[in-house]
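The values are calculated or read from the model by the stated rules, or taken from the named source; none is laboratory data. None of these values were measured; they are calculated from a predicted model. Cβ atoms come from the backbone with ideal geometry, glycine included; neighbour counts cover every protein chain shown. Note: areas computed on protein heavy atoms with side chains; ligands, DNA, RNA excluded. Shrake-Rupley method; radii C 1.70, N 1.55, O 1.52, S 1.80 Å.
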Amino acid sequence: MPWSLKFGSIFGIPIELHITFLLLLLIFSIFGFIPLLVIVLLFASVLVHELAHSLVGRHYGAKIKKITLLPIGGVSQMEAIPKGHEFAIAVIGPFTSIALGAVLFLFGSLFGLNMYFDLNWVELTSLKDIVRIVMSLNFLLGLFNIIPAFPMDGGRVLRAFLSTRMEYLKATEISVRIGQGLAIVFAFVGVFYNPWLIIIAFFIYIGGMGEYQSTQMSSALKGIKVKDLMVKDVVTVSPQDTLEDFEKLLIEKRHKGYPVVFDGNLLGIITINELLSVPRIKWIETKVQDVMVKDIIIASPKMEVFELHKKLTEKNLGRAPVLENGKLIGFISKTDILKFSEILMLKRM
Ligand SMILES: [Zn+2]
């Protein structure tokens with residue numbers, strides 16, 4: 001997620017803090033130490049909630065990339081949610097938050113504290129009140145996430161339920177529509193009562209749309225392999241070529257990117273972007289090897305194109321060479337994958 005800072009890692013899962021959390025810390029430090037402490041404990045509560053999702057996800061074989069913490073909740077990024085286990089992975093989050101709230105309730109009551117639902121923490125003066133507030137925040141976190149507003153937990157539970165009776169894509173579509181409807185309600189209520197709701201509504205609306213598009217694409221591209229879409233007669237560039245030579249090739253061949261190959265070995269890729277990053281007067285003395293991208297993704301012919309598309313997007317790359325037994329056999333671009341998926345989606349409409 002953009003605007004996130006790496007903060008540490010737990011159980012081998014990197015934890016990122018969204019910048020708005022730091023902003024919140026800064027704002028609440030004005031109100032004094034206790035409100036600040038509440039924010040830190042809210043952060044810990046969201047972290048416990050997300051760890052629950054991640055650990056259950058990992059139990060079912062998902063690779064957890066990272067957890068990003070936002071003030072309104074967190075995001076556990078998994079490499080593909082294991083089919084058939086979305087229900088368990090989603091439901092454990094709210095369950096954990098509510099259980100944590102219940103534990104705090106018992107703990108507070110045991111020590112004679114007055115435990116009731118209360119979120120007004122700005123004017124707190126006693127450390128004892130913190131237990132009550134953190135309990136309330138955990139209940140809120142748990143209950144709010146049960147609302148079936150996809151991509152929130154409740155919405156994921158809904159999709160998991162729907163997908164037992166219909167196609168996964170259809171189940172996603174219905175869940176997203178319901179989520180977006182609820183987002184509009186949240187935004188409307190937010191205008192009158194609480195501006196936080198407007199921000200949450202925004203995340204739900206955009207998040208739902210993104211996930212629907214990605215599900216749509218993955219279902220359209222299902223079963224399509226890299227070898228089905230790759231360009232086979234690959235034009236390669238030598239690392240010794242100057243950028244001026246490369247420009248000529250660009251004009252002649254009209255592709256935007258090329259693999260760089262020397263002596264049969266793939267060294268990297270070069271695109272029009274690398275060319276344009278060097279001032280024109282230096283093109284004559286700059287070699288392809290000086291500017292080529294070396295940190296690339298290598299595709300195999302049997303890889304699913306959707307998986308490759310995801311990897312390219314994560315790494316912010318536009319294309320990948322295809323290797324079989326160490327030999328360059330093709331080249332595939334994200335634009336080609338996208339165009340192809342759009343055509344397939346048209347066919348299904
Ligand atoms: Zn959750």
Tell me the per residue accessible area of segment 82-198 using a 1.4 Å probe; a whole number in Å² is fine.
55 Å²
Rounded to the nearest 10 Å², the 1.4 Å probe accessible area of S126 is 40 Å²
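Mean projection of the alpha-carbon convex hull of segment 4-220 over all orientations, in nm²?
12.5 nm²
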Can you sort W283, W3 by solvent-accessible area, 1.4 Å probe, largest first?
W3, W283
Kindly point out which whole DSSP H helices in the chain project their C-alpha atoms 27 angstrom or further along the helix axis while averaging a Kyte-Doolittle hydropathy of -0.5 or above.
33-59, 86-110, 128-146, 168-192, 195-220
What residues have an amide H closer than 5 Å to that of K66, excluding those fewer than 5 places away on the same chain, when H is modeled at 1.01 Å from N in the peptide plane?
Q77
Heavy atoms of the protein only, probe of 1.4 Å, neighbouring chains included. What is the accessible area of I89 in Å², nearest 10?
10 Å²
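Can you tell me the FRET efficiency between E167 and T335 if r is taken as the Cβ-Cβ distance and R0 is 25 Å, rounded to the nearest 0.05? Don't jump to the answer; show the numbers that get you there.
Numbers: r = 28 Å, r/R0 = 1.11.
For R0 = 25 Å, the calculated efficiency reads 0.35.
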Need the full-extension length gain, T236 to A102, defined as separation in residues times 0.36 nm minus the C-alpha distance. One decimal, nm.
41.9 nm
Any chance you could check the Cα centroid distance between segment 171-237 and segment 257-306 for me, in angstrom?
31 Å
For segment 1-91, convex hull volume per residue from C-alpha positions, Å³
88 Å³
Quick one: net charge around G74, please, counting Lys, Arg +1 and Asp, Glu -1 for every other residue with C-beta under 12 Å from its C-beta.
-2
Sort segment 112-203 into rounded, prolate or oblate with this rule: let a ≥ b ≥ c be the square roots of the eigenvalues of the Cα gyration tensor; rounded if a/c is under 1.5, and if a/c is not under 1.5, prolate when a/b is larger than b/c, oblate otherwise.
oblate
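Carbon and sulfur atoms: what percent of the 1.4 Å accessible area of the chain do they account for?
Whole-percent figure for carbon plus sulfur exposure: 64.
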Computed Rg/Rh for segment 79-121 (Cα atoms; Rh = Kirkwood radius) stands at 1.24
Which FRET efficiency, nearest 0.05, do D228 and A44 yield, Cβ-Cβ r, R0 41 Å?
0.30
Here the relative contact order (percent) of segment 6-151, from C-alpha pairs under 8 Å and at least 6 apart, is 24 percent
When the gyration tensor of segment 226-348 is built from Cα positions, what are the square roots of 5 times its three eigenvalues, in whole Å, from largest to smallest?
26, 16, 12
Could you work out which residue, out of D228, D245, D263, moves most in a Gaussian network model of the chain, that is, has the largest mean-square fluctuation with Cα springs under 10 Å?
D263
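Got a sec? What order do T313, T215 fall in by accessible area at 1.4 Å, biggest, i.e. largest, first?
Values: T313 70, T215 10 Å².
Result, largest first: T313, T215.
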Put R177, R159 in order of accessible area, largest first, 1.4 Å probe: what do you get?
R177, R159
Checking F33, F43, F111 against a Gaussian network model of the chain (alpha-carbon springs below 10 Å), the top fluctuating residue turns out to be F111
Which of the GluC sites (Glu not before Pro) across segment 249-333 are loop residues per DSSP, with 13 or fewer other Cβ within 10 Å?
E285
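Quick check: net charge around V322, other residues with Cβ under 15 Å of its Cβ, Lys/Arg +1 and Asp/Glu -1?
Charge balance in the 15 Å sphere: +2.
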